[in-house]
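S.K.: What follows is a single structure, and I will ask about it in a moment.
All of the numbers you see were taken from the coordinates with simple rules; none came from a lab. As the structure is a computational prediction, the values presented were derived from the model and not from experiment. Cβ sites come from the backbone with ideal geometry, for glycine too, and all protein chains shown count toward neighbours.
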Amino acid sequence: MPEIIPAIIAKSFEELEEKIKLVESFVRWVQLDIMDGKFVSEKTWDEPEELKKISTKLNIEVHLMVEDAVREVERWAGSGVKRILVHYEAIGGDLELVTSNLKKIYKKCRTNNVELGMVLNLETQIDVLFQLPIIAEQLQAKSVGITSYQLPIQLMSIAKIGYHGHPFDERVIHKVELLRQKWPDVKISLDGGINEEIIKKTALVGVDNFVVGSAIFNSKNIKESIEELESIINN
């Protein structure tokens, strides 16, 4: 079933804890946006050990908007998160280096029983994913029942990442279509500028999950906002 995944940008542990409490009764997953002030200009709370202090039923995934993705995965893999999302743009400058680093990251995640997901910025062409054997191998294994492991793809749908409230860019829709055509079983998430209108439009082209920030946390009634968004994807 498609899901709404609240996206949390927190400057402190206290803000993180507060925002988790605001949504934990209404969703299964939450995404923590982690920024290092280098890959993107903003800097957030970034202490994986502190995450263990939070008692919640939520499945937590971290979206690493960081310059050194390999090092950061090392830090986050044992933090208790269920999924780590890394940017293609942060794991190498050419196909050989990307492949090598991705294998290291994948091994670390598997050792800690953490799912790995790939994120693409809006300007990055979808074709780069089709050149990575490890993604195709995992999707093929899943399709024949060898493993239940998922390697989801998150597509950024705003031009400038690291902020909530930026407008949705419709160029991402074609990327969704190409990805769904190439890999029918891949789990696709959209992140950036998501609201009711955008969900209506993009659910039709094969988006599975919607990562939502300001439309949830800037609303007057978080419960109603989430329920309204969910009603769109479930109808």
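S.K.: Beta carbons within 10 angstrom, averaged per residue: use that to sort the peptides 13-23, 111-121, 202-212, highest first.
M.R.: 202-212, 111-121, 13-23
S.K.: Give the aspartates and glutamates reachable from Lys182 as a straight Cα distance under 13 Å; neighbours fewer than 8 places away on the same chain don't count.
M.R.: In chain and number order, the partners are Asp127.
S.K.: Can you list the aspartates and glutamates whose alpha carbon is less than 14 Å from that of Lys38, not counting same-chain residues fewer than 8 positions off?
M.R.: Those aspartates and glutamates meeting the cut-off are Asp46, Glu67, Asp68, Glu72, Glu89.
S.K.: Can you tell me how segment 1-48 classifies by the Cα gyration tensor, rounded, prolate or oblate, using a/c under 1.5 as the rounded cut?
M.R.: Here segment 1-48 falls in the oblate category.
S.K.: With 32 Å as the limit, write out which pairs from Lys52/Lys175; Lys107/Lys200; Lys21/Lys108; Lys57/Lys187; Lys108/Lys223; Lys57/Lys220 have Cα-Cα distances beyond it, or answer none.
M.R.: Distance filter (> 32 Å) returns Lys52/Lys175; Lys107/Lys200; Lys108/Lys223.
S.K.: Out of Val30, Leu179, Cys109, whose Cα points farthest toward the positive end of the dipole of the chain (charges: +1 Lys, Arg; -1 Asp, Glu; placed on Cβ)?
M.R.: Value: Cys109.
S.K.: Now a separate question. How high is the FRET efficiency between Ile134 and His174 when r is their beta carbon distance and R₀ equals 25 Å, given to the nearest 0.05?
M.R.: 0.55
S.K.: Arrange the peptides 219-227, 35-43 so that the one whose residues have, on average, the most other Cβ atoms within 10 Å appears first.
M.R.: Going from most to least packed, we get 35-43, 219-227.
S.K.: Can you give the Kirkwood hydrodynamic radius of the chain from its Cα pairs, in Å with one decimal?
M.R.: Evaluated on the chain, it is 17.9 Å.
S.K.: Another question, then. Treating only the Cβ atoms of Lys and Arg (+1) and Asp and Glu (-1) as charged, compute the dipole magnitude of segment 3-233 about its Cα centre; round to the nearest 20 debye.
M.R.: Charge dipole, segment 3-233, about its Cα centre: 580 debye, nearest 20.
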